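What follows is a short report on a single structure.
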Amino acid sequence: MEDVRITIKPDVRIGTISPRLYGHFAEHLGRCCYDGLFLKPTSAPVPNQKGFRTDVLEALKNMPMPLLRWPGGCYADHYHWRDGIGPKDQRPRRLGMSCGEVVEDDNSLGTHEFLWFCEQTGAEPYLAANVGTGSPQEMCDWVEYCNSALDTTLTRLRRANGAEKPFGVKLWGVGNENWGCGGNFDARDYALEYRRYATMLRHVDPHIELVACGFDEPWNRTLLQTLRHHLDTIDHLSVHRYWHGEGGELDPSEKVSYRLFTEASLTEAFVQQTADIIRVELGERRRVGVALDEWGIWHPEARLQFDPDKRGGPYEQVSTLRDALAAAIVLEGFHRQCRVLSLANLAQVVNVLHAPIQTRGAAMWRTPTYHVFQLHAPHIGATALEVEVHASLLPVSEELRCVTATASLDKEDNLTLTVLNLHLDQSASVHFGGTEGRVLFDAQLLTADNPLAHNSAEKPDAVVPQPIKATESTQGGYLVNLPKHSMATFRLKRR
């Protein structure tokens, strides 16, 4: 057992942890939107509200889910928003195309349905628009349809379709991965196209926030340099980060696990590097946030071709406790980067890739990653605090420690501390201080006997949070024994 000391510094404040950092992503890919969120005629008969699975809706509401990006992903650059409005029996059937998948899409899940779902779950909508096969006029029309309060042909159409008041959508992505599936642009050509879109969009609604498509360092520098005389057109720069374990989703090797944790921890540096590029290129002329609007683990088993006896659809993977701890590492980094990271979206929200929720027929279960997000919920909207951790390094890492932590202070002066023990073989005796004048009122632990433990239709509660006991130390602060491969959240209030 390792002795670990954690010191919370309530007076050293990093910044506000925006609710947008806890966003999610729903793409028309595999069984994420159709079957996962929204029922098709061929879906299993399950309780639903306006076509949305009630069990999934309630679970996401309780996670919570402050931000939801839709409809893509690669799908966005094939999507024409007019196909998804009006009477469902009159909507056109199109090819739904994303990541190599080509399916029939009846467009029954469209703008009104998605925005209703966001309202029910408390999510801010983030709409990704079509650059690859679309036009500035098409996107301008979508913004007008959603946001204008004036009396126009498009707003009359919106009202006829059931929405009297404007939806007021703030976040709009101008394309997705346009360096690849979104049109194979080069950076300068995309920048010129983005400038054309953004200029026209500002006329339709000057209050929206626009997200430009970023990529790697050369692309991002060229994009920002090309837009140097039009910086008022850009609010956020989108980048994506997936990481792949050296083994598979259930590879028991410690080397694979520690490599996965290390890759997750590098997400923080990736965000900082992107922010540094923005700072160098723009200086003080414009504040542009880093939008990590796709992130997560992408195991090698999650691919287009799948075994229907083992998986419900393409791009699905088993989501283990190990994956959940990797997600927790990333969320810690988000807190430390909250001054430059403006939004983030885990990919994807149901069934596909690093999903917090999975379904099979009428069954629905929360993955361990769901519980990580739920245990981190008290940090949302709070002020991130500096935390000092004295712990040894992981066996195969030169930077990542066995025990890591993040803390925040909310508006009610409640202190929240989240601690990870990433060691696969050793528990940790943790003393955490910096809690003077406060008393512990809640402590929850997420762990299992095996880091590959996971929930399923047959065992939906194999990995769930449990209370953990922490005792007051005679030296001040609290003592807790943190099991191997675990995460715990402690909440303290004023005495």
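No value in this document is a laboratory result; all are computed from the given coordinates. Note that this is a predicted model, so its numbers are computed, not measured. No Cβ is skipped: glycine too gets one built from the backbone with ideal geometry, and neighbour counts run over all protein chains shown.
Quick check: is even one residue across the stretch 49-60 among the β-branched types (Val, Ile, Thr) and either more than 19 Å from Ala377 (Cβ to Cβ) or not in a loop (DSSP other than H, G, I, E, B) (or both)?
Looking only at the stretch 49-60, we keep the residues that are among the β-branched types (Val, Ile, Thr), and these are 54, 56.
Now restrict to residues that are either more than 19 Å from Ala377 (Cβ to Cβ) or not in a loop (DSSP other than H, G, I, E, B) (or both): 54, 56.
Yes, the stretch 49-60 contains at least one residue that is among the β-branched types (Val, Ile, Thr) and either more than 19 Å from Ala377 (Cβ to Cβ) or not in a loop (DSSP other than H, G, I, E, B) (or both).
Which of (1) under 21 Å from Trp70 (Cβ atoms); (2) outside any loop (DSSP other than H, G, I, E, B); (3) not acidic (Asp, Glu) does Gly180 not meet, given it meets every other one?
Only one criterion is unmet by Gly180, namely (2).
Considering the stretch 463-479 alone, what residues qualify as being surrounded by 14 or more Cβ atoms within 10 Å (Cβ to Cβ) and either free of Cβ contacts under 8 Å to residues at least 24 places away in the same chain or within 30 Å of the chain's Cα centre (by Cα) (or both)?
Val463, Val464, Pro465, Ile468
What pairs come up if the first residue lies in the stretch 86-103 and is over 15 Å from Pro41 (Cβ atoms) and touching a residue at least 40 places away in the same chain (Cβ under 8 Å), the second is surrounded by 14 or more Cβ atoms within 10 Å (Cβ to Cβ) and among the small types (Gly, Ala, Ser), and their beta carbons are under 9 Å apart, counting only those six or more places apart or on different chains?
Gly86/Gly110; Ser98/Gly30; Ser98/Gly72; Ser98/Gly73; Ser98/Ala76; Cys99/Gly30; Cys99/Gly73; Glu101/Gly30
Of the residues Arg491, Arg401, which is under 21 Å from Arg336 (Cα atoms) and either of a type in the set (A, V, I, L, M, F, W, C) or free of Cβ contacts under 8 Å to residues at least 40 places away in the same chain (or both)?
Numbers: Arg491 fails: either of a type in the set (A, V, I, L, M, F, W, C) or free of Cβ contacts under 8 Å to residues at least 40 places away in the same chain (or both).
That would be Arg401, the only listed residue that is under 21 Å from Arg336 (Cα atoms) and either of a type in the set (A, V, I, L, M, F, W, C) or free of Cβ contacts under 8 Å to residues at least 40 places away in the same chain (or both).
Tell me, which strands (runs of 3 or more DSSP E) lie completely within the stretch 435-495 with 3 or more residues that are in contact with a Leu (Cβ under 7 Å, 6 or more places away or on another chain) and either more than 13 Å from Thr369 (Cα to Cα) or of a type outside the set (Phe, Trp, Tyr) (or both)?
438-446, 486-494
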